[in-house]
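Data first, discussion second: the structure below is written as structure tokens.
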Protein chains: 2
Amino acid sequence: MGLILGIDIGGTDTKLGIITPDGDIVERDRIPTRAKEGPEAVARRVQGWLEEREEKHHRINVAGVGCAGLIDGVAGHLYVSPNLPGWKDIPLKRIFSTTLSLSVIVENDVNAAAYAEYLKGAGKGTRHFICITLGTGVGGGLIIDGKLHRGMHGFAGEVGHMIIQIDGPQCTCGRRGCLESLVKADAIKARATEAIHAGRESSLKDIDGFEVKDIAEEALNGDGLSIEVLAETGRLLGIGLTNLIHIFNPEVIAIGGGIAGAGDFILDPAYEAVRENLMDNALSDVRIVPAELGNSASFLGAALLAAASEGTASG
Amino acid sequence: MGLILGIDIGGTDTKLGIITPDGDIVERDRIPTRAKEGPEAVARRVQGWLEEREEKHHRINVAGVGCAGLIDGVAGHLYVSPNLPGWKDIPLKRIFSTTLSLSVIVENDVNAAAYAEYLKGAGKGTRHFICITLGTGVGGGLIIDGKLHRGMHGFAGEVGHMIIQIDGPQCTCGRRGCLESLVKADAIKARATEAIHAGRESSLKDIDGFEVKDIAEEALNGDGLSIEVLAETGRLLGIGLTNLIHIFNPEVIAIGGGIAGAGDFILDPAYEAVRENLMDNALSDVRIVPAELGNSASFLGAALLAAASEGTASG
């Protein structure tokens, strides 16, 4: 039976997984990315890792690479990546297929994660599925009629940069009022900090440089401000989700990423905002659920996409 | 050679067309809708129209119905229609297929128009195409990888109710800041009226109860306010289009509908806003163009969808 290599190139670590064509993970690991040494160095380090696993290596003939950034999945080209400084206009597919001597596909990491969630996680059994990641940024991947939607260049799915508040807060993309600028980790922290500066009482005041996970924890402990801040984030997220529901009419939207840990404190108000904002009750059977695959989603999805692109990965 | 009947049920008129499987229009007509007599009466009137065309009628074995409203295209069910008072929870497909003794598909009118523009109009030759209609409302239809995207229930494509300005103007849907509330005909007129009340000079002051077509005409005559009002509308439309480009990465977006007559006065600023707001230049080869098929788009698209659903309409 053939195996598939999945690679998820992150800003700090590169996650590696060897999977079966059914998506079962046979082995997983992480190695440092060291982005500034360049993509060829990353590919060589992956090749070294593979060579240490001679028996499995022998059975792999295809690999999928997930990577943050604006990626043309068809050409396998990385235009620019916010997480990998200096990686600009990189022929990722060529570099990895040459170095690994494998057939390689390249995909945006959130698209890859969406595909994994669709096949093996929160989107299992659906045909129309959206996966959104909340963290330092906001990303999205769309499954339409059972296929990952890439669009003309493979850039589709940038739901984080959907403007929902013209003249809203500054976004890292240079514009204002993108969904990301309103619900990303820094926006949540800023919302809490601002309220505290305005004199609100909160147990967060005792935590130096609190993070979203602290806000989630204090919410769990009953801190009113923490609960409110997460609820307001959920409400704003819900407006973005409503837009997506009106545009796509999906069956399930899964929410993952670093701040998904705040769980129901965000998702419940998000769902409430969706219900309030939907044009018709007929739409309200959309399910909004946590993503299921965590950190494995991107390498797993990249590998599954590679398997699908081969028709079958068995050989 | 088989023929196909296309039906576009509008608030005032129902447009009818008989087309070839290639989409050539053999005959076209319009009959009054008289919505308050109910959908069965409309179907019977269409049947009467067909019976007067005995030779062609004989060659038709499939019909497509386009209709404004929230429609489940799979079940052929109309949930509710803003243009057809009293039409609520109507099994349109069953009514038309029974009355006409034909195989029938039912689709939202803008989805149908998008499909026609994709096959025979502004979207010809693309795989990823969006069609938007601007008029008393704002509608949209999405072609994804060569297929009309319907979503779980067939409600997809409601781009007019994408919120782009939280707490923006009241929308007819009950919410605030939908794209429609900012760029529909009434919003354009309100923008001009408000400026005039605020003391702005404009040749519009001489036109009692001016319409968008008057604003377009005065813009053509060089009226500064008219030009500004249409440009501001274009800028807001451009923000909505940018969202759609970031989400879908389409090749072409076509703009049709009643106020498309204002043409470049809206489209040029819209395209400028898109270029300003895109995250990356790589996306800027999207084309934003006028729709080409005018009033024929919906009945033609409904007929073409019916033909496609049959596999082939020849018989």
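For the range B:54-203, give the percent of accessible area contributed by carbon and sulfur heavy atoms, probe 1.4 Å, rounded to a whole number.
Working: 2710 of 5480 Å².
With neighbouring chains kept in place, the figure for the range B:54-203 is 50 percent.
Tabulate in residue order the Karplus-calculated ³J(HN,Hα) for the range A:154-169, using 6.51 cos²θ - 1.76 cosθ + 1.60 with θ = phi - 60°, rounded to whole Hz; enter x for Gly and Pro.
x, 8, 4, x, 7, 5, x, 9, 6, 6, 10, 9, 3, 6, x, x
Restricting everything to alpha-carbon atoms, can you work out Rg to Rh for the protein assembly as shown with a Kirkwood hydrodynamic radius? Numbers along the way, then the final one.
Details: Rg = 26.2 Å, Rh = 26.0 Å.
Ratio value, two decimals: 1.01.
State the answer as a single residue: which of A:Gly238, A:Ile207, A:Ser226 lies farthest towards the positive end of the charge dipole of the range A:174-276, with beta carbon charges of +1 for Lys and Arg and -1 for Asp and Glu, about the Cα centre.
A:Gly238
Answer with one residue from A:Pro32, A:Phe96, A:Ala254: the one whose Cα lies farthest towards the positive end of the charge dipole of chain A, charges on Cβ with Lys, Arg +1 and Asp, Glu -1.
A:Phe96
Shape call for the range B:51-119 from the C-alpha gyration tensor, a ≥ b ≥ c root eigenvalues: rounded (a/c under 1.5), prolate (a/b greater than b/c) or oblate? Let's see the in-between values first.
On the way: a/c = 2.11, a/b = 1.40, b/c = 1.51.
Oblate shape, in that a/c is at least 1.5 and b/c is the bigger or equal ratio.
Can you list residues from other chains, or at least 5 along the same chain, whose modelled amide H is less than 5 Å from the amide H of B:Gly256?
Residues meeting the amide H criterion: B:Ile132, B:Thr133, B:Leu134, B:Ala291.
Highest mean first, what order results for A:140-148, A:296-304, A:3-11 on Cβ atoms within 10 Å?
Numbers: A:140-148: 21.9, A:296-304: 30.8, A:3-11: 25.6.
Answer by packing, highest mean first, reads A:296-304, A:3-11, A:140-148.
Would you mind giving the mean number of other chain beta-carbons within 10 Å of the Cβ of each residue in A:78-86, as a whole number? Numbers along the way, then the final one.
Values: counts 0, 5, 3, 0, 0, 0, 0, 0, 0.
The mean count of partner-chain Cβ atoms within 10 Å per residue comes to 1.
Give me the 1.4 Å probe accessible area per residue for the protein assembly as shown, excluding ligands and nucleic acids, in Å².
Numbers: 24290 Å² over 630 residues.
Result: 39 Å² per residue.
Enumerate the calculated ³J(HN,Hα) couplings along the range B:109-124 in order (Karplus 6.51 cos²θ - 1.76 cosθ + 1.60, θ = phi - 60°), each rounded to whole Hz, writing x wherever the residue is Gly or Pro.
Using θ = phi - 60°, the values come out as 4, 6, 4, 4, 4, 4, 5, 5, 4, 5, 7, 10, x, 5, x, 3 Hz.
Summing both sides, how much accessible area is buried between A and B? Use a 1.4 Å probe and give Å² to the nearest 100. Let's see the in-between values first.
Values: alone 14050 and 14080 Å², together 24290 Å².
Summing both chains' loss of accessible area gives about 3800 Å².
Any chance you could check the Cα centroid distance between the range A:190-235 and the range B:59-78 for me, in angstrom?
51 Å
With a 10 Å radius around each residue's Cβ, average the other Cβ atoms per peptide and rank A:100-106, B:237-243, B:275-281, highest first.
Numbers: A:100-106: 21.3, B:237-243: 25.7, B:275-281: 16.6.
Result, highest mean first: B:237-243, A:100-106, B:275-281.
How far is A:Gly263 from the same spot in each other copy, in nm, shortest first, if each label point sits 7 Å from Cα toward Cβ?
Label-point separations across copies, in nm and ascending: 6.0.
If you look at just the Cα atoms of chain A, how large are its Rg and its Dmax in Å?
20.0, 65
Please compute, for peptide B:166-175, the average count of beta-carbon atoms on other protein chains lying within 10 Å of each residue's beta-carbon.
On the way: counts 9, 1, 2, 0, 0, 1, 0, 5, 3, 6.
That average works out to 3.
By how many nm would the segment from A:Glu292 to A:Glu54 lengthen if fully extended, with 0.36 nm per residue of separation less the alpha-carbon distance?
On the way: separation 238, 0.36 × 238 = 85.68 nm, distance 3.13 nm.
Length gained between A:Glu292 and A:Glu54: 82.6 nm.
Could you pull the copy-to-copy label distances for B:Val80, with points set 7 Å along Cα to Cβ, in nm to one decimal and sorted shortest first?
4.3
Can you give me the angle between helix A:185-197 and the longest principal axis of chain A, using Cα atoms only, in degrees from 0 to 90, rounded to the nearest 10?
20 degrees
Between beta-carbons, use under 12 Å as the cut-off and find the net charge around A:Ala306, counting Lys and Arg +1, Asp and Glu -1. Write down the numbers at each step before the final one.
Values: positive: A:Lys93; negative: A:Glu107, A:Glu310.
Neighbourhood net charge equals -1.
Assign unit charges at the C-beta atoms only (+1 for Lys and Arg, -1 for Asp and Glu), then state the dipole size of the range B:229-315 relative to its Cα centre in Debye, rounded to the nearest 20.
Details: 3 positive and 10 negative charges, 33 e Å.
Roughly 160 debye, rounded to the nearest 20.
Please say if the range A:244-289 is rounded, prolate or oblate, where rounded means a/c under 1.5 for a ≥ b ≥ c the square roots of the C-alpha gyration tensor eigenvalues, and otherwise the choice is prolate for a/b larger than b/c and oblate otherwise?
prolate
Quantify how strongly other chains surround peptide A:22-33 by giving the mean number of their Cβ atoms within 10 Å of each of its Cβ atoms.
Whole-number average of other-chain Cβ neighbours for A:22-33 is 0.
Put a label point 7 Å from Cα along the Cβ direction on B:Gly135, then list its distances to the equivalent points in the other copies in nm, shortest first.
4.6
For A:Gly168, which sequence-distant residues (separation of 5 or more, or a different chain) have an amide H within less than 5 Å of its own amide H, given hydrogens modelled in the peptide plane?
For A:Gly168, whose amide H was placed from the backbone, the distant partners under 5 Å are A:Gly177.
Out of residues 5 or more away from B:Asn61 or on other chains, whose amide H comes under 5 Å of its own, with H placed 1.01 Å from N in the peptide plane?
Amide H to amide H, under 5 Å and 5 or more residues apart or across chains, B:Asn61 pairs with B:Leu3.
Listed here are the pairs A:Lys15/A:Lys205; B:Lys15/B:Lys205; A:Lys88/A:Lys189; A:Lys93/B:Lys124; A:Lys93/A:Lys213; A:Lys15/A:Lys124; which of them are more than 28 Å apart at the Cα?
Values: A:Lys15/A:Lys205 36 Å; B:Lys15/B:Lys205 36 Å; A:Lys88/A:Lys189 30 Å; A:Lys93/B:Lys124 31 Å; A:Lys93/A:Lys213 36 Å; A:Lys15/A:Lys124 23 Å.
In this structure, A:Lys15/A:Lys205; B:Lys15/B:Lys205; A:Lys88/A:Lys189; A:Lys93/B:Lys124; A:Lys93/A:Lys213 exceed 28 Å between Cα atoms.
Just order A:158-170, B:114-126 by mean Cβ neighbour count inside 10 Å, highest at the front, would you? Don't jump to the answer; show the numbers that get you there.
On the way: A:158-170: 20.9, B:114-126: 23.9.
My ranking of the peptides, most packed first, is B:114-126, A:158-170.
Taking the Cα atoms only, what angle lies between the long axis of helix B:39-51 and the longest principal axis of chain B, rounded to 10 degrees?
The angle comes out near 60 degrees.
Nearest 0.05, what FRET efficiency do A:Ala190 and A:Val26 give at R0 = 35 Å with Cβ-Cβ as r?
0.25
In debye to the nearest 20, how big a dipole does the protein assembly as shown give about its Cα centre with +1 on each Lys and Arg Cβ and -1 on each Asp and Glu Cβ? Could the numbers behind the result be given before it?
Numbers: 58 positive and 84 negative charges, 211 e Å.
Using Cβ point charges on Lys, Arg, Asp and Glu, the protein assembly as shown gives about 1020 debye.
Once you have a ≥ b ≥ c as the square roots of the Cα gyration tensor eigenvalues for the range B:11-132, tell me rounded if a/c is under 1.5, and otherwise prolate or oblate according to whether a/b is larger than b/c. Write down the numbers at each step before the final one.
Values: a/c = 1.75, a/b = 1.12, b/c = 1.57.
Taking the square roots of the gyration eigenvalues as a ≥ b ≥ c, the range B:11-132 is oblate.
Please turn the phi angles of the range A:237-253 into ³J(HN,Hα) values with the Karplus equation 6.51 cos²θ - 1.76 cosθ + 1.60 (θ = phi - 60°), one per residue in order, whole Hz, x for glycine and proline.
After applying 6.51 cos²θ - 1.76 cosθ + 1.60, I find 4, x, 5, x, 5, 4, 4, 5, 5, 5, 7, 10, 6, x, 7, 9, 10 Hz.
Compute the angle between helix A:264-277 and the longest alpha-carbon principal axis of chain A, please, reported from 0 to 90 degrees and rounded to the nearest 10.
80 degrees
The values are calculated or read from the model by the stated rules, or taken from the named source; none is laboratory data. This is a predicted model, so every value here is computed, not measured. All Cβ positions, even for glycine, are placed from backbone atoms using ideal geometry, and neighbour counts span all protein chains on display. Surface areas here come from the heavy atoms of the whole protein model, side chains and all, with no ligands, DNA or RNA. Shrake-Rupley method; radii C 1.70, N 1.55, O 1.52, S 1.80 Å.
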